[in-house]
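The values are calculated or read from the model by the stated rules, or taken from the named source; none is laboratory data. As the structure is a computational prediction, the values presented were derived from the model and not from experiment. Heads up, the Cβs are rebuilt from the backbone with ideal geometry, glycines too, and the neighbour counts pull from every protein chain shown. Heads up: the accessible areas ignore ligands, DNA and RNA and are worked out on the full protein's heavy atoms, side chains in. Shrake-Rupley method; radii C 1.70, N 1.55, O 1.52, S 1.80 Å.
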Amino acid sequence: MNRLTEKVTIGCLLHDVGKLIYRADTLDGRNHSQSGYEFISCICNDDEIGQCIRFHHKQELMDADISQLSPAYITYIADNIAAGADRRPNDTGNNVGFQKDMPLYSVFNLLNGDSEDMSVGFTNHFESMPIPTSEAKKISASDYNRIVADMKTALSAVDFKSEYINSVLEIMESFTSLVPSSTNTKEMADISLFDHSKMTACVGSCISEYLQEKEIKDYKTELLHQEKQFLDKKAFLMLSFDLSGIQSFIYSIDYEDALKSLRMRSFFLELFMEHCIDTVLEEVGLSRANLIYSGGGHCYILLPNTNKVKAQLEQTVAHINRWLIEQFATSLYLSAAYVECSGNDLMNQPADCQPYSQIFLNLSKQLNRIKMNKYSADEIRLLNQPSDTSTRECKICGRISRLSETKDVCQLCAMFSSVSSSFISNDVYVITKAELTGIKGVPFPAVSGNAYVYAVDESKARALLSGGNVLRIYFKNKPCTGIRYATKIFVGDYAYSNKISDLLSGVAGIKRMAVLRMDVDNLGLAFVKGFERNTTDITVRYRYVTLSRTAAFSRQLSMFFKFYINQILKDCNNGENRVSIVYSGGDDVFLIGAWDDVIQSAILISDTFKQYSMNRLTLSAGIGIFGEKYPLFKSARETEELEEKSKSVQGKNSVTLFTAKEEHTYHWDTLKNNVIGEKLNCIKSFFDSEDSEKGKAALYRILTLLRESREKINIARYAYLLARMEPKDKTDKSKKQIYYTFSKNMYQWILDETDKQQLITAIYIYLYKNRKG
């Protein structure tokens with residue numbers, strides 16, 4: 001990263017820290033630009049970074065005695081673009097002015113055409129999940145004082161150079177993700193100070209690179225006096241990556257230690273995607289401030305529209321795909337597409353042309369075209385080179401090339417097996433330029449030379465930094481500020497165990513595993529049209545369709561599936577939740593576990609997600625139940641069919657259990673309240689008070705009768721079976737009353753087809769729960 005872009009990125013990230021000081025001190029009469037400048041000057045002695053903070057507003061910038069090439073001019077226009085892309089008038093008509101203690105409002109307030117005023121409340125970031133509430137939890141001056149003090153300590157440990165930009169990003173995320181960027185009551189306060197600052201740095205770094213390639217020597221004229229003209233220039237590229245082949249790569253294995261292999265492959269792809277993103281950003285001289293969204297094998301990155309960037313992109317992506325061909329043949333492919341856009345496009349101006357939506361629609365079209373013609377002539381020739389003549393198959397993945405000479409596994413699976421324990425259990429990962437001795441790693445693509453990733457502890461990572469061999473370090477779900485080249489990544493990785501036998505150990509009832517697959521309903525529509533208003537007035541309809549709001553929305557989704565889900569699963573079943581995540585990120589989840597804990601976990605995830613998203617978004621899922629030795633690749637495929645069945649239901653928001661051949665598809669509330677809360681609990685209350693073995697036999701006979709009756713049940717036979725369950729006259733009255741309630745409900749439920757099907761599902765669950773072996 002060149003020094004100007006480095007200063008612009010840091011200056012933009014910190015340009016609004018004065019707002020924290022202003023809100024912390026009711027007696028501070030300075031504007032936030034001045035107080036922020038004085039705050040940072042105590043930590044950073046770089047005058048040009050200070051100028052970005054001191055002069056990022058037009059009034060101060062017009063009279064500033066600074067160079068016409070000062071990065072302050074870039075920060076100014078980047079702030080305007082970012083603010084223009086996130087600050088919008090609210091719909092409440094509230095015109096009080098500024099409210100220092102205003103909370104951050106949820107970005108979900110405006111989703112799907114709604115308008116509410118639910119806030120998330122302030123906590124130290126990552127302490128707890130920010131669930132929106134109608135009670136406005138104001139942020140006090142003492143809260144801001146604590147933020148300022150803690151931030152000063154954290155920033156004091158940072159060297160303000162490119163190697164530490166990710167540390168500055170993490171500090172801003174930790175302290176400012178739950179405070180609003182604007183406390184103006186005339187505006188929507190649903191964009192956090194972190195999201196605004198990160199977007200300003202994203203835009204500013206692009207402008208810096210654009211100006212330098214165009215050899216513009218007067219930033220004051222270009223960006224201040226001719227601001228309107230600059231906003232029309234196509235100075236930006238919106239880049240999108242899409243990694244194809246993820247599902248088949250992860251799930252096409254059949255092995256006795258398959259769960260660990262699945263989790264290793266899933267995490268490998270997670271790291272690989274992060275590595276690809278960082279490789280591209282480093283090659284074009286930018287930072288992770290330019291990463292708008294990443295998850296599920298997809299990402300969006302804002303880049304400068306320069307010839308250098310376009311050439312570097314082509315070269316880097318081609319190199320990555322060549323490496324993928326050499327390692328995995330056609331199993332994985334990285335598609336990349338970009339579209340040119342202007343500052344006005346990013347701000348969705350003019351609104352009647354919908355330029356912001358067009359960016360993503362055009363990107364989608366380009367990606368689809370690329371996927372239809374993936375490989376170049378050179379890549380096709382590489383794919384058609386003769387492979388080894390082995391007639392054996394890898395016993396794990398079925399591959400017939402590059403088999404180990406001593407074992408019936410391919411070199412890839414052998415490598416994954418050798419490192420899986422350390423990669424899954426550790427939380428620090430070092431990318432190096434050369435192989436390390438005495439430790440097993442995994443090769444990664446590099447534009448020049450080689451790259452390798454190793455799972456280590458923090459002390460080992462710090463020691464490796466002194467050798468000059470480190471490209472970057474990833475910290476999984478833990479802080480990493482003050483460490484060069486370090487980046488924190490969030491990973492949904494809760495695991496009770498990496499062995500299916502451990503997951504099923506001590507399970508009550510039938511010893512079966514379950515596979516859960518779930519994802520967000522209609523998410524693509526929410527991204528493209530979710531923030532449109534239901535009106536024909538163009539200026540109002542697209543008022544909230546902005547890049548900053550989409551970025552904030554995306555980050556909230558990523559945090560749920562990559563971080564908060566770990567705590568959700570940990571808290572389920574009193575901390576003894578026998579499930580393990582294979583993959584969670586983007587908008588979907590795949591986990592395996594004891595069948596009863598999987599059902600309980602799925603309901604809890606769905607309920608929590610509805611709270612988190614204010615019921616604006618829902619999940620659909622499939623839950624398949626299988627024997628312990630059933631091949632996981634088959635269970636994954638069959639559970640996917642269950643998930644698709646759930647999504648075919650009107651309104652989606654559903655889950656399908658057991659098998660697609662029977663009708664066990666319900667909306668989540670129906671499963672929780674009607675199937676489990678009503679019918680299963682009624683069955684439990686009666687049969688748990690009777691002889692268990694006798695009760696199960698009777699229940700099996702009822703289940704058989706219910707399943708055999710397609711349209712009309714044999715009422716006489718059903719009444720006879722219920723009558724035989726009546727306790728003898730000598731039993732106590734309480735048991736008699738339980739029976740009468742049970743028999744009455746059981747009779748009423750068979751008269752309605754919906755209740756009857758719910759009863760069948762409830763009986764399934766009860767029998768599974770109480771069956772031995």
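Scanning the range 317-352 for residues that are in a helix (DSSP H, G or I), open to solvent by less than 20 Å² (accessible area, probe 1.4 Å) and of a type in the set (Phe, Trp, Tyr) returns a single hit, PHE328.
Per-residue answers, yes or no, for (1) more than 30 Å from LEU239 (Cα to Cα); (2) of a type outside the set (A, V, I, L, M):
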{"position": "VAL528", "(1), (2)": "no, no"}
{"position": "GLU532", "(1), (2)": "no, yes"}
{"position": "ASP537", "(1), (2)": "yes, yes"}
{"position": "ARG543", "(1), (2)": "no, yes"}
{"position": "ARG549", "(1), (2)": "no, yes"}
{"position": "ARG555", "(1), (2)": "no, yes"}
{"position": "ILE568", "(1), (2)": "yes, no"}
{"position": "ASN574", "(1), (2)": "yes, yes"}
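The set of residues in the range 92-132 being more than 30 Å from ASP537 (Cβ to Cβ) and at pLDDT 90 or above consists of ILE131 alone. A single member of ILE439, ILE483 is within 25 Å of ILE320 (Cα to Cα) and hydrophobic (A, V, I, L, M, F, W, C), and it is ILE439.
For the range 419-442, how many residues meet the condition of being assigned to a strand (DSSP E or B) and under 24 Å from the mean Cα position of the chain (by Cα)? Within the range 419-442, residues that are assigned to a strand (DSSP E or B) and under 24 Å from the mean Cα position of the chain (by Cα) number 4. If you go through the range 443-457 and keep only what is modelled with pLDDT under 90 and either part of a helix (DSSP H, G or I) or open to solvent by 50 Å² or more (accessible area, probe 1.4 Å) (or both), you end up with SER448, GLY449, ASN450. Residues in the range 504-521: is at least one without any contact (Cβ under 8 Å) to a residue 40 or more places away in the chain and in contact with a strand residue (DSSP E or B) (Cβ under 6 Å, 6 or more places away or on another chain)? Checked against the condition, which is being without any contact (Cβ under 8 Å) to a residue 40 or more places away in the chain and in contact with a strand residue (DSSP E or B) (Cβ under 6 Å, 6 or more places away or on another chain), the range 504-521 yields no hits at all. LEU224 fulfils the conditions (1) at negative phi; (2) open to solvent by 10 Å² or more (accessible area, probe 1.4 Å); (3) more than 33 Å from the chain's Cα centre (by Cα) except for a single criterion, (2).
Scanning the range 590-619 for residues that are under 24 Å from SER252 (Cβ atoms) and either open to solvent by 30 Å² or more (accessible area, probe 1.4 Å) or of a type outside the set (A, V, I, L, M) (or both) yields PHE590, GLY593, TRP595.
One residue stands out in the range 305-316 among those that are touching a residue at least 40 places away in the same chain (Cβ under 8 Å) and among the aliphatic types (A, V, I, L, M): the one that is surrounded by the most Cβ atoms within 10 Å (Cβ to Cβ), namely VAL309. So which residues in the range 510-543 are over 29 Å from the mean Cα position of the chain (by Cα) and farther than 21 Å from GLU640 by Cα, if there are any at all? Scanning the range 510-543 gives ILE510, LYS511, THR535, THR536, ASP537, ILE538, THR539, VAL540. You will find that of GLY11, GLY50, GLY18, GLY36, the residue that is open to solvent by less than 70 Å² (accessible area, probe 1.4 Å) and within 29 Å of GLN312 (Cβ to Cβ) is GLY11 and no other. Among all residues of the range 651-669, there is at least one that is crowded, with 17+ Cβ neighbours inside 10 Å, at pLDDT 90 or above and part of a helix (DSSP H, G or I). Out of LEU178, LEU169, LEU211, I need the residue that is over 21 Å from ILE292 (Cβ atoms), of a type outside the set (Lys, Arg) and either assigned to a helix (DSSP H, G or I) or in contact (Cβ under 8 Å) with a residue 40 or more places away in the chain (or both). Which one? So the residue among LEU178, LEU169, LEU211 that is over 21 Å from ILE292 (Cβ atoms), of a type outside the set (Lys, Arg) and either assigned to a helix (DSSP H, G or I) or in contact (Cβ under 8 Å) with a residue 40 or more places away in the chain (or both) is LEU211.
Going by the structure shown, is LYS152 open to solvent by 40 Å² or more (accessible area, probe 1.4 Å), touching an Asp or Glu at 6+ places or on another chain (Cβ under 8 Å) and in contact (Cβ under 8 Å) with a residue 40 or more places away in the chain? No. Take the conditions (1) open to solvent by 10 Å² or more (accessible area, probe 1.4 Å); (2) touching a strand residue (DSSP E or B) at 6+ places or on another chain (Cβ under 6 Å); (3) of a type in the set (A, V, I, L, M); ILE581 misses just one of them, which is (1). In the set ASP752, ASP732, only one residue is open to solvent by less than 90 Å² (accessible area, probe 1.4 Å), acidic (Asp, Glu), closer than 17 Å to ASP688 by Cβ and out of contact with any Pro (no Cβ under 7 Å at 6 or more places or on another chain); that residue is ASP732. Of ALA434, ALA414, all but one fail to be surrounded by fewer than 16 Cβ atoms within 10 Å (Cβ to Cβ) and more than 25 Å from PRO479 (Cα to Cα); the exception is ALA434.
The listed residues are SER448, SER497, SER466, SER459, and the only one of them that is of a type in the set (Ser, Thr, Tyr) and within 20 Å of GLN327 (Cβ to Cβ) turns out to be SER448.
Any residue in the range 557-573 that is farther than 24 Å from ILE605 by Cα and surrounded by fewer than 18 Cβ atoms within 10 Å (Cβ to Cβ)? Scanning the range 557-573, I find no residue that is farther than 24 Å from ILE605 by Cα and surrounded by fewer than 18 Cβ atoms within 10 Å (Cβ to Cβ), so the answer is no.
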